[in-house]
1. Count neighbours as other Cβ atoms within 10 Å of each site's Cβ, and list the GluC sites (Glu not before Pro) in the stretch B:49-113 that are DSSP loop with at most 11 such neighbours.
2. Over chain A, with a Gaussian network built from C-alpha contacts below 10 Å, which listed residue (A:Gly63, A:Gly16, A:Gly42) shows the highest mean-square fluctuation?
3. With a 1.4 Å probe, how much accessible area is buried between chains B and A, both sides summed, in Å² to the nearest hundred?
4. Could you compute Rg(Cα) / (2.2 N^0.38 Å) for the stretch B:1-42, with N its residue count?
5. With a Förster radius of 22 Å, plug the Cβ-Cβ distance of A:Lys70 and A:Arg9 into 1/(1 + (r/R0)^6) and report the FRET value to the nearest 0.05.
6. Mean-square fluctuation check for chain A, GNM, Cα pairs under 10 Å: which of A:Pro39, A:Pro95, A:Pro61 is largest?
7. For a quick check, take a GNM of chain A with Cα springs below 10 Å and name the residue from A:Leu41, A:Leu90, A:Leu11 with the largest mean-square fluctuation.
8. How big is the dipole moment of chain B about its Cα centre under a simple scheme where the beta carbon of each Lys and Arg is +1, that of each Asp and Glu is -1, and everything else is neutral? Debye, nearest 20, please.
Amino acid sequence: DVKVTQSSRYLVKRTGEKVFLECVQDMDHENMFWYRQDPGLGLRLIYFSYDVKMKEKGDIPEGYSVSREKKERFSLILESASTNQTSMYLCATRPFSYEQYFGPGTRLTVT
Amino acid sequence: GDSVTQMEGPVTLSEEAFLTINCTYTATGYPSLFWYVQYPGEGLQLLLKATKADDKGSNKGFEATYRKETTSFHLEKGSVQVSDSAVYFCALSDMNRDDKIIFGKGTRLHILP
């Protein structure tokens, strides 16, 4: 079974803090994704990566950056957290042209 | 661009009722279609998929048929259980274009005992 793990299930940070969300997969998949999920808005793609050191902007990249130094690890960075970044963050991985596999999510609260 | 529209929730049913969650899509190519389920406190997991017209995906008593003529992929289950309470997402992906997965906004399902 594919395993996608995220560094925290729940996280509380203060406004202005730098926040790191980490995602690790164990199946050598090329593609990795970061989404945020908000009530009434569904899933929105923040960033994705097709390979090590490669990254592409999704639909809502503002206020976020990403890092992929190793194939199995994809990090989402909030340079200066704001209250409107309070959300559920979901990481996903995907071998080319197949379905996505999701991690359990990180519920981030910014106060 | 490609898009997915699914019925808004929440949908509330009694146990053993028949379930339909409607999903329609817009795509210029020939996408694969998916249903994902998200149980409370968890990430999304694939429920079923269909890769071409007239294919039927099925899993855990759920079914959906890829209807190209009506651009639909409705999710059905003959007799729901309390444990089916979750959020259901319809999605599409077209490997001949940019291969991204496009999700609907999700439908929350409540099953009453």
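1. Within the stretch B:49-113, the qualifying GluC sites (Glu not before Pro) (loop, at most 11 other Cβ atoms within 10 Å) are B:Glu69.
2. The residue that fluctuates most here is A:Gly42.
3. So the buried area, both faces added, is about 1500 Å².
4. 1.49
5. So the FRET efficiency works out to roughly 0.45.
6. A:Pro39
7. Residue with maximal mean-square fluctuation among A:Leu41, A:Leu90, A:Leu11: A:Leu41.
8. It comes to approximately 120 debye.
The values are calculated or read from the model by the stated rules, or taken from the named source; none is laboratory data. No experiment lies behind these values; they were computed from the predicted model shown. Glycine also receives a Cβ, built like all others from the backbone with ideal geometry; neighbour counts cover every protein chain displayed. Keep in mind that these areas ignore ligands, DNA and RNA; they rest on the heavy atoms of the full protein, side chains included. Shrake-Rupley method; radii C 1.70, N 1.55, O 1.52, S 1.80 Å.
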